[in-house]
1. What whole number of Å gives the distance from the Cα centroid of segment 1-61 to the Cα centroid of segment 126-143?
2. When the chain is fully extended, how far beyond the present Cα-Cα distance does Leu30 get from Thr118, taking 0.36 nm per residue of separation?
3. So what is the accessible area of segment 100-146 per residue, in Å², with the probe set to 1.4 Å?
4. Using a Förster distance of 25 Å, how high is the FRET efficiency between Glu16 and Ser37, based on the Cβ-Cβ distance and rounded to 0.05?
5. What FRET efficiency would be calculated for the residue pair Ala100, Thr132, taking the C-beta separation as r and a Förster radius of 30 Å, to the nearest 0.05?
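The values are calculated or read from the model by the stated rules, or taken from the named source; none is laboratory data. In this text, all values refer to a predicted model and were calculated from it rather than measured experimentally. A quick note on method: Cβ atoms are made from the backbone with ideal geometry, for glycine too, and the neighbour counts reach across all protein chains shown. Side chains included, ligands, DNA and RNA excluded: accessible areas come from the protein's heavy atoms. Shrake-Rupley method; radii C 1.70, N 1.55, O 1.52, S 1.80 Å.
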Amino acid sequence: LYQFCRNALRDDGLAEDVHQQVFVQAYTDLARFSGRSTLKTWLFSIAHHRCLDVTRQNRRFAARFTVGEVPTEVPDPTPSPDESLARGAIEKGIARCLEALAPATRMAVRLRYSEGFTYEQMAAICSEKPGTLQARVARALPVVRRCLQKGGYEP
């Protein structure tokens, strides 16, 4: 769940905060959990919505306080050195290529392939139709493949 937040937000500090918020919210809302989905799907749904909230807040803040400025410091999307060694070069290339995708598409691809959710589970998490998410993922795969072939993948 933390890794999902980290990948969605591309910031370790924000990911830790959102990760903690997810479990606080899950604890306080546990009585409302009706069992219509798995607990894992429910937690990822909370995480998805909290990540979207943080992204919206950051966008509003940037629009309000950086009028026409380009941010000088961009969060580093690369994993920590320990994670880099464990994951290997192919995952670095894939991550670079995923960055070129729109946030909603990137999140759908990550939910499907990094987290292993079905399209129905993804629909419950994202509050969208399974067919929409399936189409998003299907359109993203050739884009990622071309990116890897053009040099995004370093063996």
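1. Value for the Cα centre distance between the two parts: 21 Å.
2. Length difference between fully extended and current span is 29.3 nm.
3. I get 51 Å² per residue for segment 100-146.
4. 0.50
5. In this case the efficiency is close to 0.90.
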